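K.L.:
Quick one: structure below, then a few questions.
The values are calculated or read from the model by the stated rules, or taken from the named source; none is laboratory data. Since the model is a prediction, treat every value here as computed from it, not as a measurement. Cβ placement follows ideal geometry from the backbone for every residue including glycine, while neighbour counts extend to all protein chains displayed.
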Ligand code: PMP
């Protein structure tokens, strides 16, 4: 039985990538040891690292005046790193709260900077919706504006960027590489790796050079963008195996036709799933259509007492990790880049059958 893993993260990786990693695991390129056993400063790993960076730069068309940092600490590490690196003394930051993760970012940032948080999620006609970016109240002089365009828990996504003179800082943990973006519009982009990039343990930060802090600041060293940039992300030992695997994923993405091709494929996957949910009285999604995430699809059963049965039967049919986040309930299907269209089609077939039997 083919299994499909709908986990929100750590999420499934492309099968081809896993197979390549397996083949290379013990004896990388005939060197007699694993890439994970090599010095991060050795010629071999340095080459793997540089190639991964170049491939990411190609995939996202990252301009030359941006540093790509391969860091530790996950998305939450960046919740601290962003204010520590970017907040200016006596100046507040603007934080947009669209859901659970951007709220968590505020709670962390408050330790390090004055900020103004603005909640943009609300309910209208029974649906969860968002205030569009054009209506956010922003201060052009803020040290930065932080937002999360794809809320993994809430299943909500927005595309439009705000217009402000303050640098835009975006948590792209659950959407990076799933659709095209214009990096030059952002000051900082960051993402934990464990959804669209590779295994957990690696965190990407893409930072416009003029936003790097001054040398010799009092920022904790492992979160200091300047130190990371000046040391090619090797100030301390980086998560080398995760970095290598991310590199394999970037090469796989290139073979798939790059981010543009992924965007089309992801749109089709999302349409397939939401389309089925919308025509059914048995399932529902309560997000306003223009703000539905194409990566994380939460859905509810009309009869919530069937939730556990749904999850268990799905699992018995090879459809893994569909239980919704505890804050939202119901189900959630995360359909990142590595999820093939067939995975979504198989899920829809299962949902139809479950509806037929229990509806
Ligand atoms: N931001 C977003 C959008 C996330 O989805 C997550 C994790 N699911 C985080 C931040 C936190 O990431 P981490 O667990 O890597 O700290």
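K.L.:
For residues that are in contact with a helix residue (DSSP H, G or I) (Cβ under 9 Å, 6 or more places away or on another chain), part of a helix (DSSP H, G or I) and touching a residue at least 24 places away in the same chain (Cβ under 8 Å), tally how many sit in region 278-311.
P.N.:
Matching residues across region 278-311 total 3.
K.L.:
State the number of residues belonging to region 159-177 that are part of a loop (DSSP other than H, G, I, E, B), within 16 Å of the ligand (Cβ to nearest atom) and touching a strand residue (DSSP E or B) at 6+ places or on another chain (Cβ under 8 Å).
P.N.:
Residues flagged as part of a loop (DSSP other than H, G, I, E, B), within 16 Å of the ligand (Cβ to nearest atom) and touching a strand residue (DSSP E or B) at 6+ places or on another chain (Cβ under 8 Å) within region 159-177 amount to 5.
K.L.:
Let me ask something else. When region 11-41 is examined, which residues are found to be exposed (fewer than 12 other Cβ atoms within 10 Å of the Cβ) and not in a loop (DSSP other than H, G, I, E, B)?
P.N.:
Of everything in region 11-41, those that are exposed (fewer than 12 other Cβ atoms within 10 Å of the Cβ) and not in a loop (DSSP other than H, G, I, E, B) turn out to be 19, 22, 23, 29, 30.
K.L.:
Could you figure out which of (1) more than 18 Å from residue 101 (Cβ to Cβ); (2) in contact with a strand residue (DSSP E or B) (Cβ under 9 Å, 6 or more places away or on another chain); (3) in a loop (DSSP other than H, G, I, E, B) isn't true of residue 200?
P.N.:
Against the list (1) more than 18 Å from residue 101 (Cβ to Cβ); (2) in contact with a strand residue (DSSP E or B) (Cβ under 9 Å, 6 or more places away or on another chain); (3) in a loop (DSSP other than H, G, I, E, B), residue 200 comes up short only on (1).
K.L.:
Here is a follow-up. List the residue pairs whose Cβ atoms are under 6 Å apart, where the first residue sits in region 96-107 and is under 17 Å from residue 73 (Cα atoms), the second is assigned to a helix (DSSP H, G or I) and near the ligand (Cβ under 8 Å from one of its atoms), and the two are 6 or more positions apart or on different chains.
P.N.:
Between residues of region 96-107 that are under 17 Å from residue 73 (Cα atoms) and residues that are assigned to a helix (DSSP H, G or I) and near the ligand (Cβ under 8 Å from one of its atoms), the close pairs are 105/79.
K.L.:
Inside region 137-154, can you point out the residues that are assigned to a loop (DSSP other than H, G, I, E, B), buried (at least 17 other Cβ atoms within 10 Å of the Cβ) and more than 11 Å from the ligand (Cβ to nearest atom)?
P.N.:
If the condition is that a residue be assigned to a loop (DSSP other than H, G, I, E, B), buried (at least 17 other Cβ atoms within 10 Å of the Cβ) and more than 11 Å from the ligand (Cβ to nearest atom), then 138, 142, 143, 144 are the ones that fit.
K.L.:
From 261, 205, 242, 229, grab the single residue that is within 16 Å of the ligand (Cβ to nearest atom) and either free of Cβ contacts under 8 Å to residues at least 60 places away in the same chain or in a helix (DSSP H, G or I) (or both).
P.N.:
Of 261, 205, 242, 229, the one residue that is within 16 Å of the ligand (Cβ to nearest atom) and either free of Cβ contacts under 8 Å to residues at least 60 places away in the same chain or in a helix (DSSP H, G or I) (or both) is 242.
K.L.:
Restricting to region 178-194, name every residue that is closer than 19 Å to residue 146 by Cβ and either within 15 Å of the ligand (Cβ to nearest atom) or assigned to a loop (DSSP other than H, G, I, E, B) (or both).
P.N.:
181, 182, 186, 187, 188, 189, 190, 191, 192
K.L.:
Among the listed residues 52, 8, 64, identify the single one that is assigned by TED's automatic domain parsing to the domain that holds residue 241 and buried (at least 19 other Cβ atoms within 10 Å of the Cβ).
P.N.:
Selected residue: 52, the only one of 52, 8, 64 that is assigned by TED's automatic domain parsing to the domain that holds residue 241 and buried (at least 19 other Cβ atoms within 10 Å of the Cβ).
Yes or no, residue by residue, for (1) closer than 23 Å to residue 180 by Cβ; (2) at pLDDT 95 or above; (3) not in a helix (DSSP H, G or I):
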site: 265; (1), (2), (3): yes, yes, no
site: 332; (1), (2), (3): no, yes, yes
site: 346; (1), (2), (3): no, yes, no
site: 355; (1), (2), (3): no, yes, no
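K.L.:
Here are the criteria: (1) away from the ligand (no atom under 16 Å from the Cβ); (2) part of a loop (DSSP other than H, G, I, E, B); (3) over 30 Å from residue 348 (Cβ atoms). Tell me which single one residue 55 does not satisfy.
P.N.:
(2) is the only condition that residue 55 fails.
K.L.:
Separate question: Name the single residue that is nearest to residue 144 (Cα to Cα) among those in region 63-109 being assigned to a loop (DSSP other than H, G, I, E, B) and within 16 Å of the ligand (Cβ to nearest atom).
P.N.:
Checking each candidate, the answer is 98.
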